[in-house]
Amino acid sequence: MTIKRKRKTTSIINNTLKDKAEFIILVGSETGTTIRFATAFKNELIKANKAVFITELNRYSSYKNAKNIIIFTATYGDGNAPANAQNFIKLIHLIEPKRNLNYSVIGFGSKQYPAFCQFAILVHASLQIHPKFTPEMPLFKIDEQNLSSFENWKNEWGNLNNINLDINLTDLLEKEEETIFKIINNSKLNIDNTFLIRLKPTNKVKFTSGDLLAITTKGEEKKRLYSVAKIDNTLVLSVKKHDLGICSNYLHKLSKTDVIKGTIQENKKFHFPKKIKDVILIANGTGIAPFLGMIQKNKKARIHLFWGGKTKKSLELYDKHIISALENKTLTSFHIAYSQDQQTYIQKTLESQTVLVSNTLRRNGAILICGSLSMQFGVEKVIAKIASQELNLTIEELKNNKQIRTDCY
Ligand SMILES: Cc1cc2nc3c(=O)[nH]c(=O)nc-3n(C[C@H](O)[C@H](O)[C@H](O)COP(=O)(O)OP(=O)(O)OC[C@H]3O[C@@H](n4cnc5c(N)ncnc54)[C@H](O)[C@@H]3O)c2cc1C
């Protein structure tokens, strides 16, 4: 069964010209969520008879009548600006405001990432040193769209400006399609406290390896994300059980007769690249999940898999999938590093494969990285060195042309 709800629009609409507005709302958003919060805020200001103009951070300009700028921004990837905010820091140095302005910055992010609200921090700091900007409030950070934090910020801002803002908070929640899944299989824990769980959607729903499954357990507001492998029309997740982890323990206890609710989030940036012949997949620990699906399906590509685990026993959870891909020749090579058994890490193994890495990049191939953020940083250092020595390219250039794709947590 699928519960369908209408998606809210995330387009930016104005009914006041930029030079007439007293309040300017600037938004940096990658997925549209932050635009939803900013739009709800804008609508309340309009209800309070204020002249408001809303636009993307990249469209920052001068505003003749503005007194107050409110910035709503997400952070993307490893502390970066969302695509529609990438030029803002440059623009604030190029465009001189017509008069002094008060400003507030509200950052949206997730504490699951070490660079929590990093771009909002940068925006706030850049305005703080600008002589024409005065902070009205300290930087405010919101974790996982937490509605009560947003309400606190909204009330504080409303009090400071003497405006009553009556935003309907439940309208701000992401309304996504929820699917019910049957549990097909739930493996035993391996030596690293990790297990594989296989789920079957109870109705037709589109998903592919590299997408994410969002699960919100009963009584919780926060959703947890899991990388998906699509194998025989089922979802396979590789989950690490944390001692006090709410969702990982909930998933671990499920048995064959159980069903769960979840939302599939399309994660296009991490899909297996189409029409590309040479692909390197790099993972550590549970990060192997999406690759278990990818190595079974893409017969036309030459796929090389690198995986880092603790011990030889860690691999037992996945070896059936890897062996069958090697036997069916959908996987060209498999490279392993055991941190405990061999005292080595996957970035070291990658370093010993300079020719493979440089040839893959030279042939316009792609490298996909999934797993821990610390592994990602280590692996990117190795790739950066090879790319600069062998191809005269930077890691940023490789990321921009999608030759490097990451999904780390
Ligand atoms: C894009 C993305 C993809 C992901 N893919 C995967 C994946 O494929 N597989 C996977 O396993 N995970 C994945 N994760 C991580 C996953 O979403 C969860 O964060 C993870 O499973 C922990 O959730 P939990 O509910 O079990 O732990 P939580 O309840 O959220 O707790 C988090 C941590 O805090 C600790 N903790 C909780 N309460 C306390 C306390 N009172 N005192 C001290 N410590 C405490 C827990 O032990 C745990 O280590 C992904 C995350 C992202 C962002």
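A compact table of results
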{"item": "With every protein chain in place, the chain: carbon and sulfur % of accessible area (1.4 Å)", "result": "48"}
{"item": "Estimated Rh, the range 9-172: Kirkwood, alpha-carbon pairs, angstrom", "result": "15.6"}
{"item": "Beta bridge orientation in the chain: antiparallel %, DSSP, nearest 5", "result": "35"}
{"item": "Alpha carbon centroid spacing (whole Å) that separates the range 381-409 from the range 34-107", "result": "32"}
{"item": "Accessible area of the range 273-408 divided out per residue, in Å², using a probe of 1.4 angstrom", "result": "48"}
{"item": "Average accessible area per residue (Å²) across the range 178-268 - probe 1.4 Å, nucleic acids and ligands excluded", "result": "52"}
{"item": "Percent RCO, i.e. relative contact order, over the chain, from Cα pairs under 8 Å lying at least 6 residues apart", "result": "11"}
{"item": "Burial ranking of peptide ranges 29-38, 201-210, 92-101, 278-287 (average Cβ count within 10 Å, highest at the top)", "result": "278-287, 29-38, 201-210, 92-101"}
{"item": "Charged-residue dipole, Cβ positions (Lys, Arg, Asp, Glu), the chain about Cα centre, Debye nearest 20", "result": "1220"}
{"item": "Accessible surface, the range 9-172, averaged per residue in Å² (probe 1.4 Å)", "result": "46"}
{"item": "Euclidean distance between Cα centres, the range 339-368 to the range 248-267, Å", "result": "33"}
{"item": "Of all DSSP beta bridges in the range 273-408, antiparallel share, percent nearest 5", "result": "0"}
{"item": "Rounded to 5, percent antiparallel among DSSP beta bridges of the range 9-172", "result": "5"}
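The values are calculated or read from the model by the stated rules, or taken from the named source; none is laboratory data. Just so we're clear, the structure is a prediction, and the values are computed from it rather than from any experiment. When we count neighbours, we look across all protein chains shown, and the Cβ atoms used for this are built from the backbone with ideal geometry, even at glycine. The protein model used for the area step is the full one, side chains on, heavy atoms only, and it has no ligands, DNA or RNA in it. Shrake-Rupley method; radii C 1.70, N 1.55, O 1.52, S 1.80 Å.
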